[in-house]
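Q: What follows is a single structure, and I will ask about it in a moment.
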Amino acid sequence: MTKVNVSLPPEAEANVDAFIEEVDDRLASDEDTCRVVTETLVDLHGDREAYERWQAGEDMSPAECVRLQGYDPCNATLESEYYAEKDAERFQRSKHLQWLWRQFDATPMADNVAFALRFRQMLAEHLFADCGDDCRFFKGITFTYGHNISVGDNVVIHDDVHLDDRGKLTVGDRASISDNAHIYSHDHDVVDQTAVENYHTIVGDDARVTYDAMVRAGCRIGENAVVGARSVVQGDVPDHHIAAGIPAKSLKVKPGWEAVAAPVEDTLPNRQSERRIDYDLPADLDAFDEFQRDLAPPGE
């Protein structure tokens, strides 16, 4: 797809650069991350005056208090916070940064592409395990933690993509993930859905996962491979192959790559077990079973 370069007017560019650099410097410093996130969101939402009145102890309505305290990630919980196997120390900071990412997307500025892409690139460099140069992260991207994601250079991730890094997720250089795709790194047991296995999921260099596709935990999308729209990938897509369907199968090799690609097979090989990530839970864990089901088969 052919695109052209677009830029903001010079004054707007200068203001954008100054703001992103300020937040970047604060996040890189020893300053409390919660404070940085809170004040950044207060200013982005234009609520500085009300926030300072609240901090000064002035009378505020309950609704105003809830709104203002909501800028502070310490006053929020995320679904991933309930996962027993999480790395609590790493999660503490990633939660704050994830809150900033999500709440930024709720501001009007999230639709200003020239600003928003640069802002999310900066956040990703603080949040992800690794983030390459010149990435383009669009609106509505969600992830489990963020700190188990590694992204290469020139990666494009489009609107409303879910990147599950409950296990580990690696996205190679120049990979593209289209709107509404879901890429998972954890699976639930079919009998006891509270039992979770984590895996390493890989999207190779130059691979494309197109819109509405789902990649199961522990799969590898090969280099220069394509996953068709609305496909469900349950195995490894070989390098240079085009896979589509439910479940996805290799349909053909990309034109021009036949000499270096593996032959087309009827099914995708499942190597999930090779990418399993083991973890230990504390012996004194106070587990919460939200379902309270009797899992015994009938008659037992």
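Q: Step through the table entries K168/K249; K139/K168; K95/K139; K3/K168, compare each Cα-Cα distance with 30 Å, and write down the pairs that go over it. Please report the intermediate quantities before stating the final value.
A: Working: K168/K249 24 Å; K139/K168 22 Å; K95/K139 18 Å; K3/K168 32 Å.
The pairs that break the limit, which is 30 Å between Cα atoms, are K3/K168.
Q: Counting alpha carbon pairs within less than 8 Å and at least 6 residues apart, what relative contact order, in whole percent, applies to the chain?
A: 9 percent
Q: Show the residues, 5+ positions off or on another chain, whose built amide H is closer than 5 Å to the amide H of A181.
A: Excluding prolines and chain starts, which carry no amide H, the hits are H162, D212, A213.
Q: Over region 182-250, what portion of Cα pair distances is larger than 18 Å, expressed as a whole percent?
A: Numbers: 767 of 2346 pairs.
More than 18 Å apart: 33 percent of the Cα pairs in region 182-250.
Q: Could you check which residue among A181, A12, A76 shows the biggest mean-square fluctuation in a GNM of the chain with a 10 Å Cα cutoff?
A: The residue that fluctuates most here is A12.
Q: Could you tell me how many degrees, from 0 to 90 and to the nearest 10, lie between the Cα long axis of helix 33-44 and the main elongation axis, the longest principal axis, of the Cα atoms of the chain?
A: 70 degrees
Q: May I pose another question? What is the Cα radius of gyration of region 216-300 over 2.2 N^0.38 Å, N being its residue count? If you can, show how the numbers build up before the last one.
A: Values: Rg = 19.2 Å, N = 85, 2.2 N^0.38 = 11.9 Å.
My calculation over the Cα atoms of region 216-300 gives 1.61.
Q: Between region 36-50 and region 1-35, what is the separation of their alpha carbon centroids in Å?
A: Using only Cα atoms, the two centres lie 16 Å from each other.
Q: Per-residue counts of other Cβ atoms within 10 Å, averaged by peptide: what ranking do you get for 287-293, 54-60, highest first? Before the final figure, lay out each step's value.
A: Values: 287-293: 8.1, 54-60: 10.4.
Top of the packing list down: 54-60, 287-293.
Q: Also: Note the angle between two axes, namely the Cα long axis of helix 10-28 and the longest principal axis of the Cα atoms of the chain, as a number of degrees from 0 to 90, rounded to the nearest 10.
A: Long axis of 10-28 versus the principal axis of the chain: about 80 degrees.
Q: Using only Cα atoms, locate the centre of region 133-150 and the centre of region 256-300, then give the distance between them in Å, rounded to an integer.
A: 23 Å
Q: Summing +1 for each Lys or Arg and -1 for each Asp or Glu, what net charge is found among the other residues whose Cβ lies under 10 Å from the Cβ of Q272? If you can, show how the numbers build up before the last one.
A: On the way: positive: R216, R220, R271, R275, R276; negative: D187, E197, D236, E274.
Summing Lys and Arg as +1 and Asp and Glu as -1 gives +1.
Q: Long-range amide H contacts for L251: which residues qualify at under 5 Å (H placed 1.01 Å from N, peptide plane, sequence gap of 5 or more or a different chain)?
A: Correct list: I242, A243, A244.
Q: Right, here's the next one. For the chain, what is the percent of antiparallel DSSP beta bridges, rounded to the nearest 5? Numbers along the way, then the final one.
A: Working: 10 of 40 bridges.
Looking only at bridges with both residues in the chain, the antiparallel portion is about 25 percent.
Q: Compute the relative contact order of region 192-300 as a whole-number percentage, counting only Cα pairs closer than 8 Å that sit 6 or more residues apart in sequence. All intermediate terms of the calculation are to be shown ahead of the outcome.
A: On the way: 219 pairs, mean separation 23.3, N = 109.
Answer for region 192-300 is 21 percent.
Q: To test your reading of the geometry: what angle, between 0 and 90 degrees and rounded to tens, separates the Cα axis of helix 88-104 from the longest principal axis of the chain?
A: Taking the Cα atoms of the chain, the angle to 88-104 is about 70 degrees.
Q: Starting from the Cα coordinates of the chain, work out the convex hull volume and express it per residue in Å³.
A: Numbers: hull volume 54.0 nm³, N = 300.
It comes to 180 Å³ per residue, whole-number rounded.
Q: Just need log10 I(q)/I(0) for region 92-209 at q = 0.22 Å⁻¹, Debye formula, equal scatterers on the alpha-carbon atoms, no solvent, rounded to two decimals.
A: Debye curve over Cα of region 92-209, log10 I(q)/I(0) at q = 0.22 Å⁻¹: -1.28.
Q: Which residues' amide hydrogens lie under 5 Å from the amide hydrogen of F143, considering only partners 5 or more residues apart or on another chain, with H built in the peptide plane?
A: Under 5 Å from the amide H of F143 lie the amide H atoms of L163, each far enough along the sequence or on another chain.
Every read-out reported here was derived from the displayed coordinates using simple, explicitly stated rules and does not represent laboratory data. In this text, all values refer to a predicted model and were calculated from it rather than measured experimentally. No Cβ is skipped: glycine too gets one built from the backbone with ideal geometry, and neighbour counts run over all protein chains shown.
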